[in-house]
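Participant: First, the structure itself, so that you have it in front of you.
The values are calculated or read from the model by the stated rules, or taken from the named source; none is laboratory data. Quick caveat: nothing in here was measured; it's all calculated off a predicted structure. When we count neighbours, we look across all protein chains shown, and the Cβ atoms used for this are built from the backbone with ideal geometry, even at glycine.
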Amino acid sequence: MRFNFTGTIGAITDESSKGYFSRSGSKNGDPYESVNFSVSSAKNNRGFVELFGMKSDTIHTIDSDGNKFDVAWDNRNDKDIVEDIANYRKNIITLKDGERHEYISAYDAVQEVRGAIPDMVGKKFTITGNVSKNIYNGKMSDRFQISNIYVASEESKPRLSITGEFFFTKDSIDCGDWNDNHKLTITGWSQEYIKDEKKRMYCERQCIFDCSKIDFNNEQQRKIAEFRLKYLGIVLKGDKITVKLDAKKVYKINATFLYQNGAEEIEFDESELTESQKEAIALGLKTLDDFRPVGASIYGNRITVLKLIDMDMRAPYDSGCVALDDSVDEFMEDVYKLSSASDDPASGFMPIPEEVDKELEDLFS
């Protein structure tokens, strides 16, 4: 899967502090460098990104025609060679307007970014790259590995999003919260390269399809919800939904998710009031707004969640989710099962669908 984070940069720039953004060392005699920092789309939402590079005698890469290509370390900055490498195998860094630098070794990209981070803090940038699974001691988490960095325009909306193929079955869809909250929880899978297995496998990933902001009495909004549900194989009639997928098949979509990592903002209502405050409102002495916190938001528990906000509607998804040829049993044979410990996996590349319409995004976020 791919990520696209636009927001304010944060980093610990005091070298004596725990969590300092820069790290260096060596492995098997080869030096490496890395930087780690955050991208915040809101006070209560941030993603942590990283860029890691290591010296090597040879760089194994791919040219613009899709052919495997080896570059000697000393030739890595040759202009003609760099131009011939596929863009998705480069690090493209634009820290100032118009000053674009392309690297085929992440080690060189780290050098530039490391020197610039103190000046980047507090400013808005767009960071793109690959989402990989970090698997260690029986736990799995996401790593956001940087490919490109560029200055965000003033018009760019702060947003943390992830895009890629998402696999699911009929049993993946939990409709338990639909009647009360118009939300679906979908526990499916993304496909990741698992280093220990030396192949791509399916890793569990959960998302929320949130229709709680939809006004189902508004004909246009209702039609939008019906259309989105149809792409998931779900039919809405009246207030009821029915999952029409074949229980013996696995389906996939290419989707865009909002990534939320932080305390969830809670809508202020009477549930936040004391009994005395509720009594004052009932007597007409006060209104809800009289008790609303001034200049502050209310936050709940910290969560990490993906919210499904858009689906690619280009072929082969022009008619909705696509059934795989594999049966559910065959698919499950390639689902990764956590063991007690594992090294970090690498990641692949996925195409990013067209930009999500802002108004539609707001309905489903």
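Participant: Could you grab me the full set of residues in segment 46-103 that are of a type in the set (Lys, Arg), part of a strand (DSSP E or B) and farther than 30 Å from Leu306 by Cβ?
Facilitator: Lys68, Lys96, Arg100
Participant: I'm checking my understanding of the structure. Among residues of segment 276-312 that are basic (Lys, Arg) and at pLDDT below 90, which one is farthest from the chain's Cα centre (by Cα)?
Facilitator: It comes out as Lys286.
Participant: Okay, moving on. Among Asp84, Asp80, which is more than 24 Å from Ser24 (Cα to Cα), of a type outside the set (S, T, N, Q) and without any contact (Cβ under 8 Å) to a residue 12 or more places away in the chain?
Facilitator: None of the others qualify; the one that does is Asp80.
Participant: I'd like to know if segment 42-51 contains one or more residues that are over 17 Å from Lys124 (Cα atoms), of a type in the set (A, V, I, L, M), surrounded by 20 or more Cβ atoms within 10 Å (Cβ to Cβ) and over 18 Å from the mean Cα position of the chain (by Cα).
Facilitator: For segment 42-51, residues over 17 Å from Lys124 (Cα atoms), of a type in the set (A, V, I, L, M), surrounded by 20 or more Cβ atoms within 10 Å (Cβ to Cβ) and over 18 Å from the mean Cα position of the chain (by Cα): absent.
Participant: Would you confirm whether any residue within segment 185-199 is part of a helix (DSSP H, G or I) and over 15 Å from the mean Cα position of the chain (by Cα)?
Facilitator: Within segment 185-199 (the criterion being part of a helix (DSSP H, G or I) and over 15 Å from the mean Cα position of the chain (by Cα)), the answer is no, since none of the residues qualifies.
Participant: Then there's this: Just need a number here: residues in segment 197-245 that are acidic (Asp, Glu), over 13 Å from Cys175 (Cα atoms) and touching a residue at least 60 places away in the same chain (Cβ under 8 Å).
Facilitator: 2
Participant: From the residues in segment 20-41 that are over 24 Å from Ala152 (Cβ atoms) and in contact (Cβ under 8 Å) with a residue 12 or more places away in the chain, which one is surrounded by the most Cβ atoms within 10 Å (Cβ to Cβ)?
Facilitator: Glu33
Participant: Collect the residues in segment 229-247 that are among the aliphatic types (A, V, I, L, M), farther than 17 Å from Asp210 by Cα and touching a Gly at 6+ places or on another chain (Cβ under 8 Å), keeping them in residue-number order.
Facilitator: Leu245
Participant: Give me the pairs, please: first residue somewhere in segment 175-189 and closer than 13 Å to Val305 by Cβ, second residue anywhere and assigned to a helix (DSSP H, G or I), beta-carbon distance under 6 Å, and either six or more positions apart or on two chains.
Facilitator: Final answer for the pair search is Ile186/Ser172; Thr187/Ser172.
Participant: Out of Ser17, Ser24, which single residue is outside any strand (DSSP E or B), in the same structural domain as Glu112 (by TED's automatic domain parsing), at pLDDT below 95 and at negative phi?
Facilitator: Within the list Ser17, Ser24, the selection yields Ser17.
Participant: May I pose another question? Could you run through segment 147-176 and say how many residues are outside any loop (DSSP other than H, G, I, E, B) and farther than 27 Å from Arg314 by Cα?
Facilitator: Total satisfying the criteria: 3.
Participant: A follow-up question, please. Could you say which residue among Ser153, Ser132 is surrounded by 16 or more Cβ atoms within 10 Å (Cβ to Cβ), closer than 23 Å to Asp310 by Cβ and assigned by TED's automatic domain parsing to the domain that holds Tyr103?
Facilitator: Just one listed residue meets the conditions, Ser132.
Conditions tested, residue by residue: (1) closer than 19 Å to Ser327 by Cα; (2) surrounded by fewer than 17 Cβ atoms within 10 Å (Cβ to Cβ); (3) not assigned by TED's automatic domain parsing to the domain that holds Asn179.
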position	(1), (2), (3)
Met201	yes, no, no
Phe209	no, no, no
Leu229	no, no, no
Lys244	yes, yes, no
Ala255	no, no, no
Gln260	no, no, no
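Participant: Which condition does Ala152 not pass, out of (1) of a type outside the set (Lys, Arg); (2) under 30 Å from Asp329 (Cβ atoms); (3) in contact with a strand residue (DSSP E or B) (Cβ under 7 Å, 6 or more places away or on another chain); (4) modelled with pLDDT under 95, if it passes all the others?
Facilitator: Going through (1) of a type outside the set (Lys, Arg); (2) under 30 Å from Asp329 (Cβ atoms); (3) in contact with a strand residue (DSSP E or B) (Cβ under 7 Å, 6 or more places away or on another chain); (4) modelled with pLDDT under 95 one by one, Ala152 breaks only (2).
Participant: Report yes if some residue within segment 214-224 is assigned by TED's automatic domain parsing to the domain that holds Thr304 and within 25 Å of Gly138 (Cα to Cα); otherwise report no.
Facilitator: Checked segment 214-224: no residue is assigned by TED's automatic domain parsing to the domain that holds Thr304 and within 25 Å of Gly138 (Cα to Cα).
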